[in-house]
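Structure first, commentary second.
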Amino acid sequence: MKLAGNVNKILYGGDYNPEQWPKEIWNEDMRLLTQAGVDVVSVNIFSWASLQKSDDVYDFSVLDEIINTVSTAGMKICLATSTAAHPAWMARKHPEILRVNTDGSKRKFGNRHNSCPNSSVYRLYAGKLARKLAQRYGKLENIVAWHISNEYGGYCYCDKCQDAFREWLKKRYKTLEALNEAWNTSFWGHNYHDWEDIVSPSHLGPEWGHHRPSTTCQIQSIDYRRFYSDSVLDCFLVEANALKEVVPHIPVTTNLMGTFWDLDYFKWGKHMDFIAWDNYPWPNCPYTRIAMNHALMRGCGDGKPFSLMEQTPSVTNWQPYNTLKRPGVMRLWSYQAVAHGSDTVMFFQMRRSRGCCEKFHGAIIDHCGHGNTRVFREVTQLGDELKKLGDSFLGSRFDSKAAVLYDWDNWWATTLSSGPTTDMNYPEEVYRYYEALAKQNYSVDIIGIDTSLDNYKILFAPLLYMVKPGYADKLKAFVNGGGILITTYFSGLADDRDLCTLEGYPGELRSLCGLWVEETDVLLPGKANGFVIGDGVLKGTWKAELLCDIIHPEGAQVVAAYESDFYAGTPVLCRNNFGKGQVWYFGARPQVELLDLFTKMICDESNVQPVFPVTEGIEATRRVKNGKEFTFVLNHNDTGTEVVIPFACCDLLSDKKFAANERFTIPVAGVLILA
């Protein structure tokens, strides 16, 4: 689904909160934003308190004026529903809507996402407001999308959530007998004989720990996170359905947040008309880590449009060290989002707030209130360029042949696991494999369990601890048909109930991998085993880190064996032929340099080529539209960097034409869009 209205370019703009300012400033805002090339604003993000003064008293007069001002200026609108922060009167009159903390204490008014998602009162009010907004503004031609709530997240442990959790469990397990079996409740005598005895897993019950949560019943804690993600999604759908019933043609979204612990975004992506997300990397974040977040968000849509909803034009305010974006970085990171599929470039925020916790968060218009700033000039330059690009590649997509699997259940399960090591970090383990591909300029997708594998030749599935029903068969069909699967240590140990396999690790993947894992050794921080590969592309002496599986081959070919400890001489890296394809199994975490060689070898064998010649610090991606290819080349180095343009093309930004194999020096933070 495309954005509503006549959208013929990459939309440019972001969050605008004029209700925080005197009306006399609004027209000057419009003048400055128009000058900067802004053509879309998200409004009404946090206005519930001004829109609804009591149970049945609504006042849309200020929002009417805001929308009139923005519309008169010729801008498009992404209209939010305001439901991320309920009004103070609602908390006073209906205290049951307030969330309860993990220690059992009830929250008070004064924060956003402070509403219990399982409160019928909250859902009633949120749905009514969404419907009224649709009825009042849904016919406006410049409304391009609905923006529901804002950055959903957080947990609640109130009685309503506990009751809803029990109902969720009844639907999932049907009977207490099935639940007791799935939860292995005979452990420590936790058997349940009445649904009312089941509690939410908080610090008052089975969970403890803060920085890394721990739990006596891992599956209970995993199920609560599944349930809670579903509960918040149900809140989203209450508003989405109300909007759709009134104006079905306007797409609905909300802003996601990359590798965010609380919510299973692959489930959410199925219910969003397009994927929107907020990109706030740390100042020293590797460009490949930012790229992985873009790819993950794009993957959650499984082919749907993708939008950069928020980024800062200059500086954040909530990180430990809020350094400025250096000159050119805002433009570079904006084009990086576009390079990974975004059809918008949007910011938080248009004008910098004067007070409260985001007063030092960057904006297009700073506290000085004029356009004579470095940030405003950079924003204006980018706005001019986006106008020039028009709809050249709007709506184009990726055509990747390599993919990396990401799964929230496996993230929750490996993090909540009691052992084997606290150094196991699921997103970072996935990132190691994504980075090896991305920094060599291979086009790579991040996909979920439900994503079709038909278009891929190579799939990396690291730390596939929990194998869900049917997924082993899906992987076997993929490999049998000629695909190459790469999986790792701590895979195939449990099913989706977190019950360990009784058929030998890696469980359902055992015949596919052609091996049996007898034990797994944990290496202490700073320690490593080693292995040698004697010949071929992977020749060298390598480290084996983090975990070491002790492997018995069952048809798999041993590529390398451990050098030391009591399991010296046993396999660490294996390859198994299965049907027309292959499975590679890393029994320990390989060092980055080996992964670089390995991914190149696998891609070469599969005839998967990089989209652009590899140069350190140079990122390249390719979007495809109606058979036309658009190659984005971005310089993330601190110096100008020479590249070789391998094909005849034209840069859409500068109109410079290149001959095949022409050399060109991309300046610091420079961007090429080669058509």
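General remarks:
- When the Cα gyration tensor is reduced to axis lengths a ≥ b ≥ c, the ratio a/c is 1.5 or higher for region 587-645, and with a/b not above b/c it is classed as oblate.
- When both region 186-216 and region 310-325 are represented by their alpha-carbon centers, they are found 39 Å apart.
- Once the Cα gyration tensor of region 429-482 is diagonalised, semi-axes √(5λ) in Å: 21, 14, 9
- Considering region 95-235 at the alpha-carbon level, its Rg and Dmax are found to be 18.0, 62 Å.
- Taking 0.36 nm per residue of separation and subtracting the Cα-Cα distance, full extension of the segment from Asp234 to Thr665 would add 150.1 nm.
- Extension gain, Glu519 to Val592, is 23.8 nm, computed as 0.36 nm per intervening residue step minus the present C-alpha separation.
- Column: log10 I(q)/I(0), Debye, Cα scatterers of region 350-394, q = 0.13, 0.17, 0.27 Å⁻¹: -0.39, -0.57, -0.90
- Gyration tensor (alpha-carbon) shape descriptor, region 278-317, a/c threshold 1.5: oblate
- Stokes-Einstein D (µm²/s) once Rh is taken as the Kirkwood radius of region 378-508 over alpha-carbon pairs, at 4 °C in 1.567 mPa s: 77 µm²/s
- Student exercise, region 419-544 dipole from Lys, Arg, Asp, Glu Cβ charges, in Debye to nearest 20: 420 debye
- A Förster radius of 60 Å combined with the Cβ-Cβ distance from Asn372 to His193 puts the calculated FRET efficiency at roughly 0.25.
- Using only side-chain charges placed at the Cβ, +1 for Lys and Arg and -1 for Asp and Glu, the dipole size of the chain relative to its Cα centre rounds to 1860 debye.
- Every helix of 4 or more DSSP H residues in the chain counts as -39500 (n - 2.57), and over all residues that averages to -9000 deg cm²/dmol at 222 nm.
- Taking Cβ atoms as reference points and 14 Å as the exclusive limit, the residues near Gly640 contribute a net charge of -2, counting Lys and Arg as +1 and Asp and Glu as -1.
- Computed magnitude of the charge dipole of region 27-119 (debye, nearest 20; Cβ of K, R +1, Cβ of D, E -1): 500 debye
- Along the axis of the charge dipole computed for the chain (Cβ charges of +1 for Lys and Arg, -1 for Asp and Glu, origin at the Cα centre), the listed residues Gly448, Tyr265, Ala413 are led at the positive end by Tyr265.
- Looking at the chain alone, DSSP beta bridges between its own residues are antiparallel in about 55 percent of cases.
- Thr72-Gln135 FRET efficiency (beta carbon distance; Förster radius 30 Å; 0.05 resolution): 0.85
- Projected area, mean over directions - region 187-332, Cα convex hull, nm²: 12.8 nm²
- Using equal-weight Cα scatterers in the Debye expression, the normalised intensity of region 451-588 in log10 at q = 0.16 Å⁻¹ is -0.81.
- Projecting the Cα atoms of Pro206, Ser654, Ser564 onto the charge dipole of the chain (Cβ charges, centred on the Cα centre) puts Ser654 farthest toward the positive pole.
- Estimated FRET transfer efficiency (Glu605, Glu177; beta-carbon r; R0 56 Å; 0.05): 0.70
- Three principal axis extents describe the C-alpha atoms of region 198-261; from largest down they are 48, 28, 16 Å.
- Each of the peptides 476-487, 85-96 was scored by the mean count of other Cβ atoms within 10 Å over its residues; in descending order, highest first, they stand as 476-487, 85-96.
- According to the Kirkwood relation over distinct C-alpha pairs, the hydrodynamic radius of region 522-675 is 18.6 Å.
- Unit charges at the beta carbon, dipole of the chain: most positive-side option, Tyr137, Phe109, Ser71: Ser71
- Per residue convex hull volume, Cα atoms of region 529-609, in Å³: 90 Å³
- Estimated distance in nm for a label pair at Lys527 and Asn317, the labels positioned 7 Å out from Cα along Cα-to-Cβ: 4.8 nm
- Volume per residue for region 254-373 equals 116 cubic angstrom (convex hull of Cα atoms).
- Lys9 paired with Lys106, simple spin-label distance in nm, labels 7 Å along Cα-to-beta-carbon: 5.3 nm
- Under the Debye formula (equal points on every Cα, no solvent term), log10 I(q)/I(0) of the chain at q = 0.07, 0.09, 0.11 Å⁻¹: -0.50, -0.83, -1.21
Laboratory data are not the source of any read-out in this text; all were calculated from the coordinates shown. Computed from a predicted structure; not experimentally measured. Heads up, the Cβs are rebuilt from the backbone with ideal geometry, glycines too, and the neighbour counts pull from every protein chain shown.
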